[in-house]
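Data first, discussion second: the structure below is written as structure tokens.
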Amino acid sequence: FVGVLAMDVTIDSIMQEIGALKLGDSGSAYMVDESGLFITHSDPKRVLKANIKSTPDFAFFKEFLASRVSLESYQDQDRLLVFARVPGTRMIIAFELPLAEFRAPLDELKLIFAVGILTALLILSLTI
């Protein structure tokens with residue numbers, strides 16, 4: 001006996017899954033094919049109509065395609081952009097997050113650390 005297993009995944013279900021991804025307060029995710037056509041996007045007018053070639057992300061996308069790696073991150077002056085290949089497909093998911101949001105936890109940790117050091121120095125100076 002030989003059998004076949006098939007799975008039907010609709011664009012709508014893919015769009016829902018990617019749309020449900022939460023990346024900080026204002027981060028977003030979208031999916032494109034290898035030609036750059038938007039398969040999913042937070043702006044419905046771009047879906048299956050627009051191409052990443054007309055966006056500021058294109059230079060990073062082009063570099064990512066040439067690299068043939070499965071995951072790569074890029075940074076410009078105000079945001080972090082990550083491209084990831086979807087295994088077994090010609091699709092790529094992009095995650096975008098403002099650098100300020102990405103760095104906020106680290107900045108908070110630095111502040112806590114600085115306050116701790118200053119408190120320790122103050123206590124030390126009072127005991128001398």
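The values are calculated or read from the model by the stated rules, or taken from the named source; none is laboratory data. Only a predicted model underlies this, so the values are computations on that prediction, with no experimental measurement involved. Cβ placement follows ideal geometry from the backbone for every residue including glycine, while neighbour counts extend to all protein chains displayed. Areas reflect the complete protein model, heavy atoms only, side chains present, ligands, DNA and RNA absent. Shrake-Rupley method; radii C 1.70, N 1.55, O 1.52, S 1.80 Å.
Tabulated values for the structure
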| read-out | value |
| --- | --- |
| Area accessible to solvent at Glu101, 1.4 Å probe radius, in Å² | 50 |
| Linear extension gain, Asp76 paired with Ser42, 0.36 nm per residue minus alpha-carbon span | 10.1 nm |
| Added length on full extension, which subtracts the Cα-Cα distance from 0.36 nm per residue, Leu106 to Leu23 | 28.3 nm |
| Approximate spin-label separation Leu122-Lys49, in nm, with each point projected 7 Å along Cα-to-Cβ | 5.9 |
| Heavy-atom accessible area order for Val32, Val115, largest first, 1.4 Å probe | Val115, Val32 |
| Positive dipole terminus of the stretch 68-128, leading residue within Ala120, Tyr74, Met91 (C-beta point charges) | Met91 |
| Largest-first ellipsoid semi-axes for the stretch 42-128, taking √(5λ) over the Cα gyration tensor eigenvalues, angstrom | 44, 14, 11 |
| Around Met91: net Lys/Arg minus Asp/Glu count, Cβ-Cβ under 14 Å | -1 |
| The stretch 17-122, accessible surface, carbon-and-sulfur percent (1.4 angstrom probe) | 63 |
